[in-house]
Amino acid sequence: MLEPLTRVLLWAAVGLIIWYVLLKLIPRNYLTWFGGLVVLVLIVVSFVDQDSETVQMIWDMISLPLQPLGLAMVFLLFSLREGIKKVNGNQVFTAFLVLLVAGMPLISRLLVDQAEQSVRTAFNNQENICAQVCPPGQPTLAEVGNTVRAIVVLGDSQMDTGQLIETVNDDEEEETATPPSLISTAMAPRLLRAGSLYQEVRNRGGDPWMIITMNKASDEEEQAKATEIRRRLTANGVSPDRIEVQDLGTDIRKSAEESKEFLEERQFLASGQRIMLVTPALAMRRASLTFSKLYRELGVGVVARPTGFYISELENSDDLLVQLRQLFPNVEALSITTRVVDEYLTWGYYFLRGWLPSFNVIWTDVVEVWGQ
């Protein structure tokens, strides 16, 4: 009862916020009831049908004012309501503060550290538990690796940026040399990690599919990118006939549905089996819960395998100048802050759509976190 009520209240809050913003941006004389109804219908459609590119654009427009850059633009727009000669200085200053705070490396690193904390904690706890010998009931790859039927690698986002540090529980040093432009610097180590996991599963008697999602593009670019992805995976020992590349963009829900349908068509899923999910730590909780809610209908488990973390700790230096640099805004810090905010907004969107479990569910209770 509490979850549906929470969802209804959130829907009401979203509607009121959007209506308030529309009243501020559009004069009442022009914002007729008919026009307002059309706008609200489009907004509702954006929550009902996520497959349309037009709907995706509508969602981008809705979420933009809630992101740092969009929020600053809204304040600047409000400041010009009475004309350029009567600019509201308070609102201009507020816009400046939004960009200043969001662009500070100190703030961006604190935010991303908080967002990734649960993933860090889960893997650190597992590592401590299995430091010597894992207790009964604590699975390891050596014990149940042959139950892994697929390794799903979620594609990179245009917002993926920043320097990544070593993958959790990854003993080998991954090469992070700048790849060709078709594969982003965020996606490259993800493919390397997936290839390593594939070999480990094969060594345990498994024969998993490797399912990769990538951003939508022109047919020629998609084909070239898919070819490059296949080349990189086969170079890391992945069997060519076990690679499936899908142009699903960064829609995690769609990726979960399509991968499940793909594996079911090949009768590759059964109760007690597992899939591995490879995605950045920042999106791991949302991604793993989304996949888990779909796959648990078949009795299939989801194993979390985050590939990398944003650097979220201040540089260890007593140099005052080094520390002061954390207060100077830059584009990369603004991008990371935006990425964190966007993840929280998308989490809310997924919750409103009913794609996530109850809000009081702890993700590690429904998703497996393994060691080696």
Inset, instruction - Return the only residue of Ile107, Ile62, Ile151 being in a helix (DSSP H, G or I), surrounded by 15 or more Cβ atoms within 10 Å (Cβ to Cβ), at pLDDT 90 or above and not basic (Lys, Arg). - result: Ile107
Inset, instruction - May I ask you to verify whether Leu334 is modelled with pLDDT of 80 or more, touching a Phe, Trp or Tyr at 6+ places or on another chain (Cβ under 6 Å) and surrounded by 18 or more Cβ atoms within 10 Å (Cβ to Cβ)? - result: no
Inset, instruction - Note down all Cβ pairs under 7 Å where the first residue falls in the stretch 253-265 and is touching a residue at least 12 places away in the same chain (Cβ under 8 Å) and more than 12 Å from Ala150 (Cβ to Cβ), the second is surrounded by fewer than 20 Cβ atoms within 10 Å (Cβ to Cβ) and aliphatic (A, V, I, L, M), and they're at least six residues apart or on different chains. - result: Glu257/Leu294
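What about Gly354, is it within 21 Å of the chain's Cα centre (by Cα), at pLDDT 80 or above and at positive phi?
On the way: within 21 Å of the chain's Cα centre (by Cα): yes; at pLDDT 80 or above: yes; at positive phi: yes.
For Gly354, the condition - within 21 Å of the chain's Cα centre (by Cα), at pLDDT 80 or above and at positive phi - is met.
The values are calculated or read from the model by the stated rules, or taken from the named source; none is laboratory data. Since the structure is predicted, the reported quantities are computational estimates derived from the model, not experimental observations. When we count neighbours, we look across all protein chains shown, and the Cβ atoms used for this are built from the backbone with ideal geometry, even at glycine.
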